[in-house]
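The values are calculated or read from the model by the stated rules, or taken from the named source; none is laboratory data. For clarity, every value in this text was computed on a predicted model and none was experimentally measured. Here Cβ is always computed from backbone atoms with ideal geometry, including for glycine, and neighbour counts include all displayed protein chains.
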Amino acid sequence: MKRKTILPITLAFSLVLNAFSQKLPEMFVPRTISDPRIARFSTGVDSKFEKLRVVLPNLTTSFIYSYAEIDMLLSKIGAAEGLRVYLAVHKPCADFSLPATVKKNKIMLLFSPGNARSLAVPEQFFFIDENDGRDFLYEIADMSCIRLWRDSYTGDEIQDILRTTLIANDPDNRDDAYPGKYFDTKSIFYKKEDLAEAITLENRFPHRLNTGQSINIDYLKFSLSAHDNIGQYPRDQNDRRFRKRILLDIDYMYKIGNAPGRVFHFEDLANIDDRLTKTVKMTKKNNLTNQQLKKLSIKQKLKILQLKGIDNGQLCPTYCP
């Protein structure tokens, strides 16, 4: 029997890079969707942000990590299916002290290699301090601190506030481990291949703004955001999931001087039309000819991708390990 050849991951990436010739990542979200979601979390007296900061005075709406830190994090996924991002609240913990730059009483993100429907074994947790001025990944081995921080977010003090921002008794917000209780998003699972495409592969492409400026992906910005009362795309009348729920929108940033400078979107790039065309071509059930595609505006191509569905990860609930 002929042996199957397994390609090294770097070579496999290179082949994919050439084969797909700069199609947009599966995790691509148009600005017309992401900007309102980010604003919905933080804007207005009834927003999640304004309600939460009554008990979380140090709450911030986003987390900025260097590309190097995220690259280190992705290298930890290993044989797991992907990465689960847990929402937690930082409280003092005697068994593991984070630096003083990590403020108490604010939402923090904990990263754990894992699987879509079950935990990785053994479970690992990582944290990135965005304020310490260095590229460093903390591995938190003490599970008592992890439980404290996660429970501080999933407990009634925080969830009772968040429940006032959700649609009452929405069955999509139930966690089977807690009968009769409803939750806002507790964690989000991202598939390994989607993260590799959106971060590792995307970083290998040249990026030039429509102003002519060449830029790099120097940082990634994770913003707390919220779905509207219809929920995730595609907007199926019979499958409205994650209505008004928290999620994360991830943006690229380029450096100005020695500091994170500015978010850039795919819509800001000089080759956005070409990349949209290649992406629509590869969309399942695409029946458009090359001639028809050329006649479509950027706005029309974005609409096609929007209708096919947008991958923002799997929210827990409904699937909670």
State all residues of region 121-178 that are more than 17 Å from Pro92 (Cα to Cα) and among the small types (Gly, Ala, Ser); if no residue qualifies, say none.
-> Gly133, Ala168, Ala177
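Residues are listed down the side, and each one gets a yes or a no for (1) free of Cβ contacts under 8 Å to residues at least 12 places away in the same chain; (2) assigned to a strand (DSSP E or B):
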| site | (1), (2) |
| --- | --- |
| Asp172 | no, no |
| Tyr178 | yes, no |
| Thr185 | no, no |
| Ile188 | no, yes |
| Ala198 | no, no |
| Asn203 | no, no |
| Arg208 | no, yes |
| Thr211 | yes, no |
| Ile217 | no, no |
Being modelled with pLDDT under 95, more than 14 Å from Asp251 (Cα to Cα) and surrounded by 12 or more Cβ atoms within 10 Å (Cβ to Cβ) narrows Phe49, Phe28, Phe41, Phe20 down to just Phe20
Counting only residues that are surrounded by fewer than 20 Cβ atoms within 10 Å (Cβ to Cβ) and at pLDDT below 95, how many does region 219-243 have?
-> 14
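Applying the selection to region 54-71, what residues are within 16 Å of Gly133 (Cα to Cα) and assigned to a helix (DSSP H, G or I)? Even if it seems obvious, please write down each step before you answer.
Going through region 54-71, the residues within 16 Å of Gly133 (Cα to Cα) turn out to be 63-70.
Listed by number, the residues that qualify are Tyr67, Ala68, Glu69, Ile70.
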Of the numbered conditions (1) aliphatic (A, V, I, L, M); (2) more than 22 Å from the chain's Cα centre (by Cα); (3) surrounded by 14 or more Cβ atoms within 10 Å (Cβ to Cβ); (4) under 30 Å from Ser97 (Cα atoms), Ile140 satisfies every one except a single condition; which is it?
-> (2)
Mind listing just one residue for me: the one in region 81-118 that is surrounded by 19 or more Cβ atoms within 10 Å (Cβ to Cβ) and assigned to a loop (DSSP other than H, G, I, E, B) and, of those, modelled with the highest pLDDT?
-> His90
Among the residues of region 23-45, the number that are touching a Ser or Thr at 6+ places or on another chain (Cβ under 8 Å) and more than 16 Å from Leu247 (Cα to Cα) is 2
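Yes/no per residue for (1) of a type in the set (Gly, Ala, Ser); (2) closer than 25 Å to Leu315 by Cβ; (3) free of Cβ contacts under 8 Å to residues at least 60 places away in the same chain:
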| site | (1), (2), (3) |
| --- | --- |
| Leu73 | no, yes, no |
| Arg84 | no, yes, no |
| Ala100 | yes, no, yes |
| Gly114 | yes, yes, no |
| Arg117 | no, yes, no |
| Glu130 | no, yes, no |
| Arg134 | no, no, yes |
| Cys145 | no, yes, yes |
| Trp149 | no, yes, no |
State whether one or more residues within region 175-188 are crowded, with 17+ Cβ neighbours inside 10 Å, more than 22 Å from the chain's Cα centre (by Cα) and at negative phi.
-> yes
Considering only residues that are touching a residue at least 12 places away in the same chain (Cβ under 8 Å) and assigned to a loop (DSSP other than H, G, I, E, B), look in region 252-284 and name the one that is nearest to Leu220 (Cα to Cα).
-> His265
Could you check, for region 167-177, whether at least one of its residues is among the acidic types (Asp, Glu) and closer than 21 Å to Ile64 by Cα?
-> no
